[in-house]
Amino acid sequence: MSLVQSIRDIDISGKKILIRCDFNVPMDEFQNITDDRRIKSVVPTIRYCLDNGCSIILLSHLGRPKGIDEKFSLKPVAKRLQRLLDRDVIMATDVAGNSAKTEAAKLKKGDILLLENLRFEKGETKNDEELAKELASLADVYINDAFGVCHRAHSSVEAITKFFSNNAKAAGFLLQKEIDFQQNLMKKPIRPFVAVVGGSKVSGKLQALNNLLPRVDKILVGGGMAFTFLKARGYEVGNSLVEEDLIEEANNIIKKAKELKVKFYLPVDVIAAQTFSADSVIKIVTTQEIPSDWMGLDIGPATVRIFKEALADAQTILWNGPMGVFEFDKFSKGSIKISHAISEAHATTIVGGGDTADVVERAGNSDEMTFISTGGGASLELLEGKELPGIRVLRIKEES
Ligand code: AMP
C-alpha cells in the first residue's frame with residue numbers, strides 16, 4: 001500500500017496553500033469558544049507554510065447549519081487564530097463565492113485568509129465536484145490537516161483532491177501524526193499492548209473490539225458496555241445499561257479473546273445508584289451484588305486497582321471510552337483514576353475519542369499522554385480497521 005504523502009514531501013515554497021482544518025470547536029450560547037485545542041493543533045502546519053513564504057487559505061466546517069446561518073459563522077475562529085498566531089487573519093464572507101475569490105486573488109506572501117463555514121454550501125456534505133473545483137481553483141496546493149473529518153467523503157476532504165496533481169496535495173503535520181500514532185502503531189505495537197475500552201454501548205465499539213482482539217495482549221473493559229459482558233457471564237446487573245441483543249456477541253468476544261490468549265478484564269465492582277442523576281445516593285457494590293433496582297454508573301475502587309495492576313507492565317496503551325458517567329462528578333472517579341494510571345505508565349499512551357480526551361484534560365493528564373487524538377468518529381473508524389476516505393486519497397507516495 002502506498003504511503004500518505006506529507007507536506008514535507010512536496011515543494012510548497014512561495015505557493016498559495018489551501019489547508020482543510022477542523023475548526024469545529026465547541027462554543028457557548030454567546031459564540032465564545034470554550035475549547036480551542038482543535039485550532040491550536042493546526043498551528044504547526046500554518047507556521048510551516050508561513051516559514052516557506054506561502055500565502056494561506058483555511059477551510060473548515062463548524063456545526064451542522066442548514067444553509068447560511070450567522071450562528072455558525074467562523075468569525076470567532078478567525079479572532080482566536082489571530083491571537084494564537086499573533087498576526088492578521090482575513091475573513092471571507094462566503095465559501096466559494098465573490099468574497100472568497102476576490103480575497104484569495106489578493107493574497108500576498110504571509111497573508112492568511114479564512115473562508116466561511118463550508119457547510120453553508122449544500123454541496124460540501126454531498127462530496128460535490130463543482131464545489132470542490134471552485135475551492136481548488138483558489139490555490140496551488142491542497143493540504144489536509146483535518147483528521148476529525150477524514151472519515152467523511154466530503155467535498156473539501158475527498159472530491160477536492162481530484163483537482164490537484166500528485167505533487168500538489170499532502171497531509172499536514174497533525175494528520176500525519178494521527179496516522180503515525182494510531183494506524184501505524186496498531187500494526188507494530190511494542191508489547192505488552194493493552195487496550196482500555198469504555199463508553200456507553202457495546203454496539204458502538206463492536207467492530208473496534210473485534211479489530212483490536214487479534215492485535216492486543218490485554219483488553220480492559222469499563223463504562224456502560226461492561227454490563228452487557230457481565231450479563232453474558234451470568235451476572236445480575238440490575239438496571240444497568242444492557243444490550244440484550246448483543247449478549248451472544250459479547251460471549252463470542254470473550255470466547256475469541258480466550259482462543260487468542262488475550263487477557264480480558266471486566267469490572268469486579270461498581271459505583272451504583274438508583275437513578276441516573278448527579279445527586280443520587282450511591283454505594284459501592286461488587287458485580288455479584290448489584291441490587292435489582294440499582295444501576296452501575298462507574299467502575300469501583302477494586303476495579304481501579306486491578307486495572308492498574310494490569311496496566312503496570314504495558315509498553316503500549318490505547319484508551320478509548322470513559323469508565324463511567326464522567327459528566328457527573330460522583331461517577332467520574334473511575335475514569336479520572338484510570339487516566340492517572342495510564343499517564344503514569346512507562347508506555348506509549350494513545351487516547352482516542354472526544355469524551356476520553358475530555359476526561360484526560362479534566363484529570364490534568366493531557367501533557368503526560370504520548371498522543372491524544374483530535375477526532376472522535378475518525379479515531380473510532382481507524383480502530384475498526386477502516387481506511388478513511390480522506391486518508392485514502394492522499395496515499396500517493398510509493399514505499400521505498
Ligand atoms: P460513547 O459515546 O459510546 O463513547 O460513550 C460515552 C458515554 O458513555 C458518556 O457520555 C458516559 O456518560 C457514558 N457511560 C459511561 N459509563 C456508563 C454507564 N455505566 N452507564 C451509562 N452510561 C455510561
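For region 236-260 and region 15-83, what is the centre-to-centre distance using only Cα atoms, to the nearest Å?
Centre-to-centre distance over Cα atoms comes out at 42 Å.
Shape of the chain from its Cα gyration tensor (a ≥ b ≥ c, root eigenvalues): rounded if a/c is under 1.5, otherwise prolate when a/b > b/c, or oblate?
prolate
Could you check the spin-label model distance between Lys75 and Lys109? Points 7 Å from the Cα along Cα→Cβ, value in nm.
3.3
Between Ala302 and Arg233, how many nm apart are label points set 7 Å from Cα along the C-beta direction?
Each label point lies 7 Å from its Cα, and together they span 1.1 nm.
Of the DSSP beta bridges with both residues in the chain, give the percent that are antiparallel, rounding to the nearest 5.
Approximately 25 percent, going by the DSSP bridge assignments.
GNM, the chain, Cα, under 10 Å: largest mean-square fluctuation among Val77, Val281, Val42?
Per the Cα network of the chain with a 10 Å cutoff, Val281 tops the list.
With the chain treated as a Gaussian network of Cα nodes joined by springs under 10 Å, which of Met27, Met369, Met225 yields the largest mean-square fluctuation?
Ranking Met27, Met369, Met225 by mean-square fluctuation puts Met27 first.
In nm, what is the difference between 0.36 nm times the number of residues separating Asp140 and Val43 and their Cα-Cα distance?
Length difference between fully extended and current span is 32.9 nm.
Using a Gaussian network model of the chain whose springs link C-alpha atoms within less than 10 Å, name the residue from Asn167, Asn251, Asn98 with the highest mean-square fluctuation.
Of the options given, Asn98 has the highest mean-square fluctuation.
Using 0.36 nm times the number of residues separating Asp313 and Asp329, minus their current alpha carbon distance, what extension gain do you get?
Length gained, Asp313 through Asp329: 2.8 nm.
At 222 nm, what value in deg cm²/dmol follows for the chain if DSSP H runs of at least 4 each add -39500 (n - 2.57) and the sum is divided by all its residues, to the nearest 500?
-8500 deg cm²/dmol
Return the distance in nm (one decimal) between the two label points of a simple spin-label model at Lys258 and Ile190, each offset 7 Å from Cα along Cα→Cβ.
Distance between the two pseudo-spin positions: 3.4 nm.
In region 189-267, what trypsin sites (Lys or Arg not before Pro) fall in a loop by DSSP, with at most 14 other Cβ atoms inside 10 Å?
When the trypsin sites (Lys or Arg not before Pro) of region 189-267 are filtered for loop state and at most 14 Cβ neighbours within 10 Å, Arg233, Lys261 remain.
Counting other beta carbons within 10 Å of each residue's own, what order do Cys21, Cys49 fall into, fewest first?
Fewest-to-most ranking of Cys21, Cys49: Cys49, Cys21.
Can you give the % of DSSP beta bridges in region 189-383 that are antiparallel, to the nearest 5?
Around 30 percent antiparallel, to the nearest 5.
For the chain, take the longest principal axis of its alpha carbons; what is the angle in degrees between that and the long axis of helix 75-85, to the nearest 10 within 0 to 90?
Between the helix axis and the principal axis of the chain, the angle is about 90 degrees.
State, as an integer percentage, the relative contact order of region 231-388 based on alpha-carbon contacts under 8 Å between residues 6 or more apart.
17
Taking 0.36 nm per residue of sequence separation and subtracting the Cα-Cα distance, how much length would be gained by fully extending the chain between Ser2 and Met27, in nm to one decimal?
Difference between extended and current length: 5.1 nm.
Every number here is computed from the coordinates shown, using simple stated rules; none is lab data. Bear in mind the structure is a predicted one, so any value in this text is a computation, not a measurement. Every residue, glycine among them, receives a Cβ derived from its backbone with ideal geometry; neighbour counts consider all protein chains shown.
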